[in-house]
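Just so it is clear, none of the values below were taken in a lab; they were calculated from the coordinates. A quick note: this is a predicted structure, and the numbers were derived from the prediction, not measured. Here the Cβ positions follow ideal geometry from the backbone for every residue, glycine too, while neighbour counts run over all protein chains shown.
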Amino acid sequence: MRFVIPLGIFLALAVMLGMGLQRDPRALESALLDQPVPVFELPQLQAQAGSDTFSPQALQGQVWLLNVWASWCAPCRQEMPVLAQMSKQDQVPVYGLNYKDDVTKALALLRVAGNPYVASGVDATGRVGMDFGIQAVPETFVIDAQGRVRYRHLGPVTPEVWRDSLMPVVRAVQ
């Protein structure tokens, strides 16, 4: 009888650990799903159309993607051509959140890799990233026309991720 309780605790822990190891870490849901996008206003990495700030509230009424990226992130570099090609092909605007990055290096990367973003806000301190619950870059969010987060993808966007994960959500909320 003395060993039954510790054995039961051990078995319960082993089952919970086994269940946790079977989950895909990229499938972690955002606490923001179906919640409004955090309110923020950031300086733009590249001022466009006379505006020098980026705010999601200005995008109300359209479906768009927010891609969190940095120049020090190798997968971010790899996904930039995919984002550029797919957003142009499917006419889905992609906005960037340049996360904890050096502005000079970020601008240099965009010159070399190409700029897939309509605009990119500079989150130098990571405060906005924290509001989004960023775990690692890159991360991509689908935002609906009412300004609500509808989907979160952790990791680089590939053509398959765009086709099989992002676009079905975009089409569903358009």
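Miscellaneous remarks
- Computed label-point distance, nm, for sites Val39 and Ile9 using a 7 Å Cα→Cβ extension: 4.8
- In degrees, nearest ten, helix 4-21 long axis to first principal axis of the chain (Cα): 20
- DSSP bridge orientation in the chain - percent antiparallel, rounded to nearest 5: 60
- Under Karplus coefficients 6.51, -1.76 and 1.60, residue-wise ³J(HN,Hα) of the range 160-174 in Hz, glycine/proline x: 5, 4, 4, 5, 8, 10, 6, 5, x, 5, 4, 4, 5, 9, 6
- For semi-axes √(5λ) of the Cα gyration tensor in Å, the value calculated from this model appears in (i) 35, 18, 16; (ii) 41, 17, 13; (iii) 59, 21, 14 under label (i).
- Remark: the range 25-173 carries a charge dipole of roughly 220 debye about the Cα centre, counting +1 on each Lys and Arg Cβ and -1 on each Asp and Glu Cβ.
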